[in-house]
Amino acid sequence: MAELGSKGVTAGKIASNVQKKLTRAQEKVLQKLGKADETKDEQFEQCVQNFNKQLSEGTRLQKDLRTYLASVKAMHEASKKLTECLQEVYEPDWPGRDDTNKIAENNDLLWTDFHQKLVDQALLTMDTYLGQFPDIKSRIAKRGRKLVDYDSARHHFEALQTAKKKDETKIAKAEEELVKAQKVFEEMNVDLQEELPSLWNSRVGFYVNTFQSIAGLEENFHKEMSKLNQNLHDVLLGLDKQYSGNAFPVKAQPSDSTPAKANKSPSPPPDGSPITSPETKTVNHELEPSTLEAPGASIPKSPSQSSLPAVVVETFPPTVNGTVEGGASSERADMPPGFLFKVQAMHDYTATDSDELQLKAGDVVLVIPFENPEEQDEGWLMGVKESDWIQRKELDQCRGVFPENFTERVQ
């Protein structure tokens, strides 16, 4: 009996929500046709325009900041490889070897510290700043829906009052619904009227703090890096003075009966296999005719390479389960119809309507298209939780809309 009661409540709620959507759609059509007046608030609309502009600017700044951080990381790796190369070619008997090792170590630490401070003082602050927008955006959308409900209730009440045959019972009920709709709308409206201007004004201080932090970190980083570069310059200057003219001394002079060796051949591998000088080529790529050896031309080789065969290495694209990676993927039979891509919730989201998804941070959602594209609001996606889909729940029962800014694309 309890189960039957629960199903009855659920069915009643679904029916109520369907009726609510139909009423809203009908009211919007009447307003567009000019057959019903629409409540307007120019001051609030200006606040919404400012909000959207602020969100767009913040999203762009976040994207560019992530690109900047990726570039810093790439420069760190390139700088690290360059200093490692210097350490390898710097011979043990050259003066300043210990100094070059120390400079390389400090160089790596300086890049690491610079990147981490950018994350802590700029990126995390940026994420926190943008984290407040999704909730407010969903509340703005909900306010819009409640405003339509209010207008619809107002028009219904007015129609009953002006009808030739008045039904006092219906009029009383319509008035009660109007008062209720007005109260819900005004509560949301008052809160947003206070929050939106405050959020808009906060952008100035946020931009100042963000770019001041970046500029200060860059200034300190380049100042310290300049000192390391000066130290490296002094070390190499000392090496150049000691071995001026590139007249490098030989530790042991060969005897007259022993010819001097111009180059030292590399030691063979431990397993005794011959040394090879690999030359790589890419599959489906041939050398241009201009790069081929001309008849009679001789290319000088080092003593260690002159008599060694070249090994041709062909590289192939990686495969996953027998399929070439990067190729066109076939339709996923294990996904809901029309599956587009996956996203993961970065923040909790509390559903405010029956057609919305309740999300917890970490939830994976399979994004699908709207049945009617005109119903899609900007910044909202339609999807079904991956956990619900795996349990083979009915698509109509588990799908719903959710704010895109609460998620991050993972596929």
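Observations on the structure shown:
- Amide H contacts of Leu381 (H built 1.01 Å from N, under 5 Å, at least 5 apart or other chain): Phe402, Glu404
- Take every pair of alpha-carbon atoms less than 8 Å apart whose residues are at least six positions apart; their mean separation over the length of region 71-194 yields a relative contact order of 21 percent.
- For region 385-398, backbone phi angles converted through the Karplus equation (6.51, -1.76, 1.60; θ = phi - 60°) give residue-by-residue couplings of 4, 4, 5, 5, 5, 5, 7, 6, 6, 5, 4, 5, 8, 10 Hz, Gly and Pro being listed as x.
- Couplings 3J(HN,Hα) for region 169-182, derived from phi with the Karplus relation 6.51 cos²θ - 1.76 cosθ + 1.60 (θ = phi - 60°), are 5, 5, 5, 5, 5, 5, 5, 5, 5, 5, 4, 5, 5, 5 Hz, where x marks Gly and Pro.
- Heavy-atom surface analysis with a 1.4 Å probe gives region 57-203 a carbon and sulfur content of 53 percent of its accessible area.
- Amide H to amide H distances under 5 Å link Asp363 with Ala345, where only residues 5 or more positions off or on other chains count and H is placed in the peptide plane.
- ³J(HN,Hα), Karplus 6.51/-1.76/1.60, whole Hz, each residue of region 95-100, x for Gly, Pro: x, x, 4, 4, 5, 5
- Accessible-area composition of region 361-405, carbon plus sulfur, in percent [1.4 Å probe]: 40 percent
- For the residue pairs Lys146/Lys183; Lys117/Lys223; Lys146/Lys393; Lys40/Lys142; Lys81/Lys102, the alpha carbons lie more than 19 Å apart in Lys146/Lys393.
- Think of a 1.4 Å ball rolled over the protein heavy atoms: region 120-241 then has 60 Å² of accessible area per residue.
- For region 112-256: rounded, prolate or oblate by the Cα gyration tensor [a/c cutoff 1.5]: prolate
- Built amide H within the under 5 Å cut-off of Thr407, gap 5+: Met346
- For region 334-411, the solvent-accessible area of protein heavy atoms averages 57 Å² per residue (probe radius 1.4 Å; ligands and nucleic acids excluded).
- Relative to the globular-protein estimate of 2.2 N^0.38 Å, the Cα radius of gyration of region 61-115 stands at 1.43.
The values are calculated or read from the model by the stated rules, or taken from the named source; none is laboratory data. It should be emphasised that the depicted structure is a prediction, and the values quoted were computed from it without experimental measurement. Heads up: the accessible areas ignore ligands, DNA and RNA and are worked out on the full protein's heavy atoms, side chains in. Shrake-Rupley method; radii C 1.70, N 1.55, O 1.52, S 1.80 Å.
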